[in-house]
Amino acid sequence: MAADTRIQDPWETRPRKKLTSLLEWRILEQHFQEIRDLHLRELFRDDPGRAERFSVEDCGIFLDYSKNRVTDRTMELLFSLAESEEIGLREAIEAMFTGRPINRTENRAVLHVALRSRPDAPFQVGEENIMEQVNSLPGIKSVLNKVCEFAEEIRQGKRCGWRGDPITNIVNLGIGGSDLGPAMVCEALRPYSDRSLTLRFVSNVDGSHLAEALQDLDPARTLFIVASKTFTTTETMTNAISARKWLLASLPHASAENVRTALARHFVAVSANPQKVAEFGLDPANQLFVFWEWVGGRYSVWSAIGLPIAIAIGAKNFLSFLEGAREIDDHFRHRPFRTNIPVILALLGIWYINFFGWRSYAILPYSQRLARFPAYLQQLDMESNGKQARLHPAVGEEFVTWSTGPVVWGEPGTNGQHAFFQLLHQGTEIVPCDFIGFAQSDYPVPDHQAKLLANLVAQTEALAIGRSLEEVETELKEQAKKTGQPWRQDLVAHKYFPGNRPSNIILARNLDPHTLGKLIAIYEHKIFVQGVIWDINSFDQWGVELGKELAGKLLPALADPQAPIASENSSTKRVIEWIRRHATR
Ligand code: F6P
């Protein structure tokens, strides 16, 4: 790795002024008061060039952000916030791309971008070429080669189980970043996948998840990928142990030799912890696809964690997925902020969270194939930016006094329209949304795609423009005239759509591996930009530790009804006592 350059790096060490005390911020606050009541209906009516000015197209991605509560002045002010020297966003971007240890609380570089960097192009960190160094560890290229080679062997039926049958079932055992990325991508890229293979993803420690995944599989044709950066995660290790038992129970003779062969042919690991892999009984030299500390779990889909993806869609498509992300890396690093898609999305998010106070944010892919995309982004965003400790505080200012990461959620359209869109249109909460769509379907069902896209566009217009009280009244009166019934004034309020509800539209031609790589990278960088502006560390996740620790302490009391309950909390005790009384049938 590159030398630790924190000492020479002013961005890394200097305390930052409070965000809310920056001049750029205060001007934005003032501006917010001036424009908070402007309605998108008027903004569009008075400005025919709005959609053209508030849109960007690059790398095959089209972003229309004209249906946001912004004026030219708002965007100017947001861009000057992004350019603020005090915030140092440009320095931060360079710090990430040059491998500085920007994850300061864990003293690590953040180099998921290196995983998709051109294998033949040097990835400079100061004076060093990371790619070379990492390649000899073994590194990015060799692990990527191993992943691709292994995937192709499975796809060609060259990898066999203990009975000699080719492996046709792949079960990924992992959770969080070791599950959500590959599971989401495999589902999204089904049209590109080998249909003769069965891929399943088991994450939950709830035994039903594993049991259901395995119930119709032939162990002799099943490969388990134990995916865990740490190789200590309770859920994954519990599932791996049960999977090992399931496999070994299927052997006709459990001799030491048979067990060895079965484990060698039916298990591989993806991890940054070779020692733990060995302790589990796998051979790190032959059964481990390594990745590195500098790849965050939720940023690991580009690493060997992507092995199930490579198996499903093949090496060529997997490389195309990485290349898509790389295109966005170049865009993010080199485009000016005003045409920079991740930066624009980040600034709009900040505008709503910190000025309008809207802290909920919906991801609405109009693609059934992206059904797991909202869940994937939920981890990416909420585990990255759900924080309040500042990264560059002055003494006594360790915590933010401004809002940070939003609550991220969503469902594919059009399903969501028949579930929660009622609230989006008429509820008292305003939820900024990202609508994601594709001009073409990869399936031969053209009339479906037209209907899907008509809904996407219609929803954004309905949210933005709404339907005024006058319009509703006119419509009700016309209807009454037609039917000869008296008109129902009491319905006006119920049929009124306030509008002025913001959304982005993100479009691409079709959802191929390349495009999916781009989409994910856009959100990764957007989240990073927000983290830098909020002055938090987007790359650690201390907030998940306390619950894990307490679960470990309480486990004995739930596993053994006689064991003492390791808690002083009256609710915890009472709940555990109740469970103990009802635990046996
Ligand atoms: O508990 C949170 C977390 O650490 C995530 O950040 C991570 O993606 C997930 O658990 C799984 O961790 P591992 O890959 O080490 O099993």
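The values are calculated or read from the model by the stated rules, or taken from the named source; none is laboratory data. Because the structure is a prediction, the values reported are computed rather than measured. Please note: Cβ atoms are built from the backbone with ideal geometry, for glycine as well, and neighbour counts cover all protein chains shown. Calculation scope for accessible area: heavy atoms of the full protein, side chains included, ligands and nucleic acids excluded. Shrake-Rupley method; radii C 1.70, N 1.55, O 1.52, S 1.80 Å.
General remarks:
- Neighbour cut-off at most 16 other Cβ (10 Å), DSSP loop, GluC sites (Glu not before Pro), the stretch 289-342: Glu293
- Solvent-accessible surface ranking, highest first, for Arg574, Arg50 at 1.4 angstrom: Arg574, Arg50
- For the stretch 192-271, the fraction of alpha-carbon pairs in successive 5 Å shells from zero, as %: 3, 13, 25, 24, 19, 12, 3, 0, 0
- Part-to-part distance (alpha-carbon centres) for the stretch 451-520 and the stretch 71-116, which is given in Å: 37
- Listed by chain and number, the lysines placed with their C-alpha closer than 23 angstrom to that of Lys477 are Lys495; residues fewer than eight positions away on the same chain are left out.
- The stretch 274-405 - percent of accessible surface contributed by carbon and sulfur, probe 1.4 Å: 51
- Gain on full stretching of the segment that runs from Glu471 to Ala458 - 0.36 nm per residue minus C-alpha separation: 2.9 nm
- Here the alpha carbons of the stretch 484-556 define both size measures, Rg and Dmax, at 24.0, 73 Å.
- Sparsely packed loop sites in the stretch 500-585 (the GluC sites (Glu not before Pro) outside DSSP H, G, I, E and B with at most 14 other Cβ atoms within 10 Å) comprise Glu568.
- Solvent-accessible area of Thr584 with every protein chain in place, 1.4 Å probe, in Å² to the nearest 10: 120
- Where only DSSP H runs of four or more residues are counted, the chain gives -14000 deg cm²/dmol as its mean residue ellipticity at 222 nm, each run worth -39500 (n - 2.57).
- Accessible surface of Arg333 - all protein chains present, 1.4 Å probe, nearest 10 Å²: 80
- Tilt relative to the chain, helix 256-266 - C-alpha long axis, 0 to 90 degrees, to 10: 20
- The residues of the stretch 249-294 expose on average 48 square angstrom of accessible surface per residue, using a 1.4 Å probe on protein heavy atoms.
- Net length gained if the chain between His448 and Glu76 were fully extended (0.36 nm per residue, minus Cα distance): 129.9 nm
- Cα shape, the stretch 47-120, gyration tensor, a/c 1.5 rule: oblate
- Stokes-Einstein D (µm²/s) once Rh is taken as the Kirkwood radius of the chain over alpha-carbon pairs, at 10 °C in 1.306 mPa s: 61
- Using the Cα coordinates of the stretch 331-480, the gyration tensor eigenvalues translate into equivalent-ellipsoid semi-axes of 33, 22, 15 Å, sorted from longest to shortest.
- Charged neighbours of Arg53, selected by a Cβ distance under 14 Å, balance to -3 (K, R count +1; D, E count -1).
- Of the GluC sites (Glu not before Pro) in the stretch 362-445, the ones in a loop by DSSP (not H, G, I, E or B) with at most 11 other beta carbons within 10 Å are Glu398, Glu429.
- Semi-axes of the equivalent ellipsoid of the stretch 40-85 are 20, 17, 7 Å, computed as sqrt(5λ) over the eigenvalues of the C-alpha gyration tensor in descending order.
- Per residue, in Å², the accessible surface of the stretch 441-582 once ligands and nucleic acids are set aside, probe 1.4 Å: 56
- Residues Phe289, Phe420, sorted by accessible area with the largest first, give Phe420, Phe289 [1.4 Å probe; ligands and nucleic acids excluded].
- Around Gly174: net Lys/Arg minus Asp/Glu count, Cβ-Cβ under 11 Å: -1
- Using a probe of 1.4 Å, the accessible surface attributed to Cys148 totals some 20 Å² when neighbouring protein chains are kept in position.
- Net charge in the neighbourhood of Gln378 (other residues with Cβ under 11 Å of its Cβ; Lys, Arg +1, Asp, Glu -1) is 0.
- Available extension along the chain between Gln156 and Thr13 is 46.3 nm, counting 0.36 nm per residue and deducting the alpha carbon span.
- Protein heavy-atom surface of the stretch 466-585, 1.4 angstrom probe: 55% of the accessible area is carbon and sulfur, with nucleic acids and ligands not counted.
- Residue ranking by accessible heavy-atom surface, 1.4 Å probe, largest first, among Arg580, Arg260 comes out as Arg260, Arg580.
- Estimated FRET transfer efficiency when R0 is 56 angstrom, pair Ala439-Gln562 (beta carbons, to 0.05): 0.30
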